[in-house]
Amino acid sequence: MKDAPRSLNFIEHIIEEDLEKGFIKNDLRFRFPPEPNGYLHIGHASSICLNFGLGLRYDAPVNLRFDDTNPSKEEKEYVEAIRSDVEWLGFQWDKECYASDYFQQLYDWAVMLIKEGKAYVDSQSSEAMAEQKGTPTEPGTDSPYRNRSVEENLELFEEMKAGKHGEGTHVLRAKIDMTATNMLMRDPIMYRVLHKPHHRTNTDWCIYPMYDWTHGESDYIESVSHSLCTLEFAPHRELYNWFLDQVVEEGRVRPKQREFARRNLSHTIVSKRKLLELVNRGIVKSWDDPRMPTISGLRRRGYTPESIRNFADTIGIAKRENVVDVSLLEFHVREHLNQIAPRVMAVLDPVKLVITNYPEGQEEWLTAENNPEDPGAGEREVPFSRELYIEKDDFKEEANRKFFRLKLGGEVRLKNGYIIKAESCTKDTDGNITEIQCTYDPKSKSGSGTEESLRKVKGTLHWVSVAHAIPAEVRLYDRLFSHETPDAVKDKDFMEFINPDSLKVVTAYVEPSLKDAEPGERFQFQRLGYFNIDTDSKADALVFNRTVPLRDTWAKLKDQD
């Protein structure tokens, strides 16, 4: 039975309607237009998947355009990070474009508007302009400079471009309607003076175009057919169209702006300003800290491109904003890693276990399956010896019937190995257990086919041979914020909700097959969770990041509330 066809989202419906009305399919073109003033985050991932997904669906080109009109906040580092993130997610753009490529054309069009009496240089302070803007219920008032002559406007604008005026002295405004119901139409600013070097044009320009002026005109220059923005740009659509009205020529593709809702993620912030604050205040180490919701942070933590794309596909595209539980994102990475991650054994909180009837000095190599979800993943050999490490939590001197791990007098199976029985334990002066003494059944080896090997015991433990164990630093990452919406609580600073347990660092022991693991490789530590090798890792000093636990521990805590 074939899968049911996927239903279209409302953006796809818009495109289908345009095609039905005669829009030429070969003229479809989309764009992803980040501002290079920070690293991309999980919210951008949805937009990337939307735009590039439409490109794949309609076999249409997609541009990667950097809206680089604010040199005071933009850096080449961010450009390179954005490129890397889009490629890592599995997408390839048709053209790499920059708004700064169009500075001359935008300037020429601005001069044209001045000559047509549709733009003027305003010399008021920003405070005065804000006061004259009016309110949503009261019309604005005209600037005293609104009726400057074309000649004076042209001269001042040329002087602004030449760097003859300081920042804040003049702006270029569109002359539209100071009584418009939409306040964005009340003579919006098109250019401001800014004496800052640009990451691409250096000091060639002393004036920079505002986003509203740049956005639609850049789309037009690139022949973008559908310009998709988040919902906060809906009021800007009228201005987007007004600016296009001034320059669009017959016979060329006219871009259409349409808006979709952000998908906010619980226990997360995505404001670039606030993310930068986390970095600058040392709450996290960098933009790619594995606790950050940045794409580079998720990549470093061990997330896969497939899991992020599947997440974006699941939450879909909508017209209303809502908060998506971060556990859904974690579900998708678990689901994908379960399919692809090799199983290995590691002990995070070790206690020594000695098998007293196993011959001293003897070792053997046991066969272990690499991934039960992937028959082609093969097998590996794991060393076994008299002394092992197990997790401290896997042993209790006394326990009730629901405790299926090791207890005195009780039996468990060692994964891929033998059935053991706890006989006694040793404690230090504080009563902490330092060693567990056990016996094993030599005939109970997993896979041997003996009657003893087929005997059922309720618990199975992972372990690592002491003599072969490799010490490793393991970073146990958790959610950075304890509150579901940390930046939406009235009268509270989002920093107040930092989770003090978002990172714990432990020294663990891992099986020797991991000795040559490379940064980025992902594994399932059996019974513990999914982990990957961090970029800080070295051949003689392995570092693992926990991507996610095997199960959603936060859901358990929520159920207990």
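The values are calculated or read from the model by the stated rules, or taken from the named source; none is laboratory data. Owing to the predicted nature of the structure, the values given are computational and were not obtained by experimental measurement. Note that we place each Cβ from the backbone using ideal geometry, even for glycine, and neighbour counts take in every protein chain shown. For the accessible areas, the whole protein counts, side chains as well, though only heavy atoms, and no ligand, DNA or RNA atoms are used. Shrake-Rupley method; radii C 1.70, N 1.55, O 1.52, S 1.80 Å.
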> If you check Lys421 against the conditions, is it farther than 19 Å from Tyr509 by Cβ and modelled with pLDDT under 95?
Replying inline: no
>> Out of the residues in the range 530-551 meeting the condition of being within 22 Å of Leu461 (Cβ to Cβ) and within 20 Å of the chain's Cα centre (by Cα), tell me which one is surrounded by the fewest Cβ atoms within 10 Å (Cβ to Cβ).
In response: Pro549
> Counting only residues that are open to solvent by less than 30 Å² (accessible area, probe 1.4 Å) and among the small types (Gly, Ala, Ser), how many does the range 400-415 have?
Replying inline: 1
> Would a scan of the range 481-504 turn up a residue that is crowded, with 17+ Cβ neighbours inside 10 Å and polar (S, T, N, Q)?
Replying inline: yes
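If you check Lys2 against the conditions, is it more than 19 Å from Thr230 (Cα to Cα), surrounded by fewer than 23 Cβ atoms within 10 Å (Cβ to Cβ), at pLDDT below 95 and not β-branched (Val, Ile, Thr)?
Considered against the rule, which asks whether it is more than 19 Å from Thr230 (Cα to Cα), surrounded by fewer than 23 Cβ atoms within 10 Å (Cβ to Cβ), at pLDDT below 95 and not β-branched (Val, Ile, Thr), Lys2 comes out as yes.
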>> Checking Asn545 against (1) of a type in the set (S, T, N, Q); (2) touching a Phe, Trp or Tyr at 6+ places or on another chain (Cβ under 9 Å); (3) over 14 Å from Arg301 (Cα atoms), only one condition comes out false. Which one?
In response: (3)
> For the range 416-463, how many residues meet the condition of being open to solvent by 50 Å² or more (accessible area, probe 1.4 Å) and not aliphatic (A, V, I, L, M)?
Replying inline: 22
> How many residues, within the range 331-370, are part of a loop (DSSP other than H, G, I, E, B) and under 15 Å from Leu528 (Cα atoms)?
Replying inline: 5
>> Criterion first (touching a Cys at 6+ places or on another chain (Cβ under 7 Å), more than 25 Å from Tyr78 (Cα to Cα) and not basic (Lys, Arg)) does Gln246 satisfy it?
In response: no
> So which residues in the range 468-480 are crowded, with 17+ Cβ neighbours inside 10 Å, under 19 Å from Ser537 (Cβ atoms) and among the charged types (D, E, K, R)?
Replying inline: Arg475
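Considering only the range 24-40, state which residues are open to solvent by 10 Å² or more (accessible area, probe 1.4 Å) and farther than 18 Å from Leu56 by Cα.
Taking the range 24-40 as the starting set, the residues that turn out to be open to solvent by 10 Å² or more (accessible area, probe 1.4 Å) are 24-27, 29, 33, 35, 37, 39.
Hits for the range 24-40 are Glu35, Asn37, Tyr39.
Step by step: first the residues of the range 200-217, then only those that are part of a loop (DSSP other than H, G, I, E, B) and closer than 18 Å to Gly168 by Cβ, then the one that is most open to solvent (accessible area, probe 1.4 Å). Which residue is that? Break it down into steps so the answer makes sense when it comes.
First pass over the range 200-217, keeping only residues part of a loop (DSSP other than H, G, I, E, B): 200-201, 203-206, 210.
Going one step further and asking which of them are closer than 18 Å to Gly168 by Cβ, we end up with 205-206, 210.
Details: Trp205: 30, Cys206: 23, Met210: 61 Å².
So the residue we want is Met210.
Within the bounds of the range 499-510, is there any residue that is at positive phi and of a type in the set (Lys, Arg)? So that I can check it myself, show each step before the final result.
Kept after step one, since they are at positive phi, are these residues of the range 499-510: none.
No, the range 499-510 contains no residue that is at positive phi and of a type in the set (Lys, Arg).
Regarding the range 367-377, can at least one residue be identified that is more than 17 Å from Pro342 (Cα to Cα), in contact with a strand residue (DSSP E or B) (Cβ under 9 Å, 6 or more places away or on another chain) and open to solvent by 30 Å² or more (accessible area, probe 1.4 Å)?
Within the range 367-377, the first condition is being more than 17 Å from Pro342 (Cα to Cα), and the residues that meet it are none.
No, the range 367-377 contains no residue that is more than 17 Å from Pro342 (Cα to Cα), in contact with a strand residue (DSSP E or B) (Cβ under 9 Å, 6 or more places away or on another chain) and open to solvent by 30 Å² or more (accessible area, probe 1.4 Å).
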>> Filter the range 50-77 down to the residues that are surrounded by 20 or more Cβ atoms within 10 Å (Cβ to Cβ) and either more than 20 Å from Glu222 (Cα to Cα) or modelled with pLDDT under 95 (or both) and list them by number.
In response: Pro71, Glu74
